[in-house]
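Novice: Supplied in structure tokens, the structure appears directly below.
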Amino acid sequence: MSLPVETFFLQPDSQGTLQAQIQQMIAEGILSGRFRSGEKLPSTRKLAQHLQISRITVTLAYTELLSNDYLTSKGRSGYYVSETAPTPPKFRTIEDTQDTVDWTRAIGQRFTGGDTPHKPQNWARFKYPFIYGQADPTLFDHTNWRHCAVQALGQRDFTSMTTDYMDQDDPQLIEFIVRHTLPRRGISAKPEQILITLGAQNALWLTAQILLTQRRTAALEDPCYPALRDILTQSRCHMAPIAVDKDGLPPELIPEETDVVFTTPSHQCPTTATMPVERRRDLLARARALNALIVEDDYEFEMSFLRPPSPALKSLDRDGRVIYVGSFSKSLFPGLRLGYLVGSEHFIREARALRASVLRHPPGHIQRTASYFLSLGHYDALIRKMSTALHKRRTAMENAISANGLTIAGQGAFGGSSLWMRAPEGTDTQVLSDELLARDVLIEPGMSFFNGESRPTEYYRLAYSSIPVERIPEGVRLLAETLRNST
């Protein structure tokens, strides 16, 4: 396959003959790494037509590059970049261009500086990856997902794959959410009250953009999902962090001036605490008294392998003040980036318009593939398989933690895929995490989950979603040993 002829162009301000300019252009391409050894160049005819110059000029340039060992010729096959191309003179490249823009003044709003935990891209190479939210290839149903993707590529689904939905979504996926997913959480909704998003984080961003202003106040849990705090910081609203207890967010601590409450009642992030039904009713009553809205992030409810999950907060809502956030990315795989919002038609209408102006809609092929995977029963089968595996891993984790004298600060009553841990007072778990890397152990330091200046450093999260059960005892032993040696 030839290098695309469209990537070849002559600089308007270039000096020298056309033949020399072509030689320089190709030499620069080789030097910069754009043209690699063994790659085929466009034919002299195609390049001459593209540059609108004489073919003989291109031929002479190629011949000169051939004699200087920049190119090689393979008979009638054409010209190729030489395997032994010499180092050409240094030419002016894009890398030499000086950036003269004063970006400290040009940038009107800043979105860097967030506190979202870093997850190594090479986590799977570690022998003991106690890392949260990553897909386990040994559990995922590759075969049926591939079949569903191929089915979604078929002629019958050509429209769903290629259509411009504008501000709409795949009706087949919406129908499944209405008829199957939401009823499991005790929620009844119409299609007009649902919007597909690029994961739960995108859903939270859309919600914050619509509900919050610089004059409004958002109450959030402390500790909390770090990306939510980043989103609220970027919205420039006032933030009121509320310390959670063993039952989650205490409603009585929500300030009077609160406009929106963000909470994870079924599986608090990161402590995994579950809010009792009575407190959920108190939270709804408190929001009603304040005329505030509630955003419920119901992540990971599918991982309730110890006992059935409690009903969603949204299912108890009779005022329409709860906006529900769900996601398939947590239960399937994070790269899927597929979530959804459920709320009042008035709210969803605005969320639909905002999403359309930013990204239009999630890819139709991904939506249809997911809808097949869900509706054909593969999703439920996968959840059962994952629940069985996670239950075994959790038991192994608890046994290993007990045997090594470590302290659990929070463990979900219904299941989940992680434990919230506490090291001895004064321990810096970021330093501990760095030390464990040398022992092939990955953990998540907990400081970034907390709000404020003086954040505790002794908390950390241990996840068991991506580590084989047989490796858990040794991984926990190495963790405990490193912890004892560092204190």
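Novice: Of all residues in the stretch 5-18, which are more than 15 Å from residue 52 (Cβ to Cβ) and either assigned to a helix (DSSP H, G or I) or not assigned by TED's automatic domain parsing to the domain that holds residue 42 (or both)?
Specialist: Listed by number, the list holds a single entry, 7.
Novice: Right, something else. Among the residues of the stretch 452-462, how many are over 25 Å from residue 389 (Cα atoms) and crowded, with 19+ Cβ neighbours inside 10 Å?
Specialist: Residues that pass the stated criteria total 3.
Novice: Name, by its number, the condition in (1) more than 21 Å from the chain's Cα centre (by Cα); (2) of a type in the set (Asp, Glu); (3) outside any loop (DSSP other than H, G, I, E, B) that does not hold for residue 257.
Specialist: Single failed check for residue 257: (3).
Novice: Still on this structure, please answer the following. Residue pairs, Cβ under 8 Å, 6 or more apart or interchain, first in the stretch 15-27 and on the phi > 0 side of the Ramachandran plot, second assigned to a helix (DSSP H, G or I). List them.
Specialist: If the second residue must be assigned to a helix (DSSP H, G or I), the pairs left are 16/24.
Novice: Could you go through the stretch 392-402 and let me know if any residue there is touching a residue at least 12 places away in the same chain (Cβ under 8 Å), buried (at least 22 other Cβ atoms within 10 Å of the Cβ), touching a Pro at 6+ places or on another chain (Cβ under 7 Å) and outside any loop (DSSP other than H, G, I, E, B).
Specialist: Scanning the stretch 392-402 turns up no residue that is touching a residue at least 12 places away in the same chain (Cβ under 8 Å), buried (at least 22 other Cβ atoms within 10 Å of the Cβ), touching a Pro at 6+ places or on another chain (Cβ under 7 Å) and outside any loop (DSSP other than H, G, I, E, B).
Novice: Among the residues of the stretch 430-455, count how many are out of contact with any Phe, Trp or Tyr (no Cβ under 6 Å at 6 or more places or on another chain) and assigned to a loop (DSSP other than H, G, I, E, B).
Specialist: So the answer is 8.
Novice: Restricting to the stretch 122-148, what's the tally of residues that are loosely packed, with under 14 Cβ neighbours inside 10 Å and in contact with a helix residue (DSSP H, G or I) (Cβ under 6 Å, 6 or more places away or on another chain)?
Specialist: 0
Novice: Counting only residues that are touching a residue at least 60 places away in the same chain (Cβ under 8 Å) and in a helix (DSSP H, G or I), how many does the stretch 185-197 have?
Specialist: Count: 3.
Novice: For residue 465, are the conditions met, namely being closer than 24 Å to residue 124 by Cβ and either of a type in the set (Gly, Ala, Ser) or surrounded by fewer than 16 Cβ atoms within 10 Å (Cβ to Cβ) (or both)?
Specialist: Here the answer is yes, as residue 465 does meet what is asked.
Novice: Considering only residues that are part of a loop (DSSP other than H, G, I, E, B) and either under 23 Å from residue 192 (Cβ atoms) or at pLDDT below 90 (or both), which ones fall in the stretch 334-343?
Specialist: 338, 343, listed by residue number.
Novice: Need pairs with beta-carbon distance below 8 Å; first residue more than 16 Å from residue 377 (Cβ to Cβ) and within the stretch 136-155, second β-branched (Val, Ile, Thr); sequence gap 6+ or separate chains.
Specialist: Note: pairs meeting the criteria are 149/369; 152/369.
Novice: Please verify whether the stretch 185-207 includes one or more residues that are closer than 23 Å to residue 455 by Cβ, touching a Cys at 6+ places or on another chain (Cβ under 9 Å) and modelled with pLDDT of 95 or more.
Specialist: No, because not a single residue in the stretch 185-207 is closer than 23 Å to residue 455 by Cβ, touching a Cys at 6+ places or on another chain (Cβ under 9 Å) and modelled with pLDDT of 95 or more.
Novice: Which one of these is of a type outside the set (Ser, Thr, Tyr), surrounded by fewer than 17 Cβ atoms within 10 Å (Cβ to Cβ) and in the same structural domain as residue 199 (by TED's automatic domain parsing): 109, 151?
Specialist: Just one listed residue meets the conditions, 151.
Novice: Further, regarding this structure: Return a yes/no flag: does the stretch 136-155 have any residue that is assigned to a loop (DSSP other than H, G, I, E, B), closer than 22 Å to residue 267 by Cα and either charged (D, E, K, R) or within 24 Å of the chain's Cα centre (by Cα) (or both).
Specialist: yes
Novice: Then there's this: Among the residues of the stretch 469-484, is there at least one that is part of a loop (DSSP other than H, G, I, E, B), assigned by TED's automatic domain parsing to the domain that holds residue 422 and either over 16 Å from residue 120 (Cα atoms) or over 29 Å from the mean Cα position of the chain (by Cα) (or both)?
Specialist: no
Novice: While we're here: Enumerate the pairs (first residue in the stretch 198-212 and closer than 16 Å to residue 334 by Cβ; second residue anywhere and part of a helix (DSSP H, G or I) and of a type in the set (Val, Ile, Thr)) with beta-carbon separation below 7 Å, excluding pairs fewer than 6 apart on the same chain, so at least 6 apart or on different chains.
Specialist: 204/231
Novice: Exactly one of these conditions fails for residue 361: (1) touching a residue at least 40 places away in the same chain (Cβ under 8 Å); (2) surrounded by fewer than 16 Cβ atoms within 10 Å (Cβ to Cβ); (3) outside any helix (DSSP H, G or I); (4) not charged (D, E, K, R). Give me its number.
Specialist: Condition not satisfied by residue 361: (2).
Novice: Would you check which residues across the stretch 19-59 are more than 15 Å from residue 71 (Cβ to Cβ) and in a helix (DSSP H, G or I) and list them?
Specialist: Scanning the stretch 19-59 gives 20, 21, 32, 45, 46, 48, 49, 50, 51, 55, 56, 57.
Novice: Condition first: surrounded by fewer than 16 Cβ atoms within 10 Å (Cβ to Cβ), in contact with a Ser or Thr (Cβ under 9 Å, 6 or more places away or on another chain) and either on the phi < 0 side of the Ramachandran plot or not in a loop (DSSP other than H, G, I, E, B) (or both). Now tell me which residues in the stretch 228-244 satisfy that.
Specialist: Residues satisfying the conditions do not exist here.
Novice: Hey, another quick one. For residue 383, indicate whether it is over 22 Å from residue 124 (Cα atoms) and either free of Cβ contacts under 8 Å to residues at least 60 places away in the same chain or not in a loop (DSSP other than H, G, I, E, B) (or both).
Specialist: no
Novice: Where residues in the stretch 264-295 are touching a strand residue (DSSP E or B) at 6+ places or on another chain (Cβ under 6 Å) and outside any loop (DSSP other than H, G, I, E, B), which of them is surrounded by the most Cβ atoms within 10 Å (Cβ to Cβ)?
Specialist: It comes out as 294.
Novice: Enumerate the pairs (first residue in the stretch 321-340 and of a type in the set (Val, Ile, Thr); second residue anywhere and assigned to a loop (DSSP other than H, G, I, E, B)) with beta-carbon separation below 7 Å, excluding pairs fewer than 6 apart on the same chain, so at least 6 apart or on different chains.
Specialist: 323/343; 325/298
The values are calculated or read from the model by the stated rules, or taken from the named source; none is laboratory data. Computed from a predicted structure; not experimentally measured. Reconstructed Cβ throughout: ideal geometry from the backbone, glycine too, with neighbour counts over all protein chains shown.
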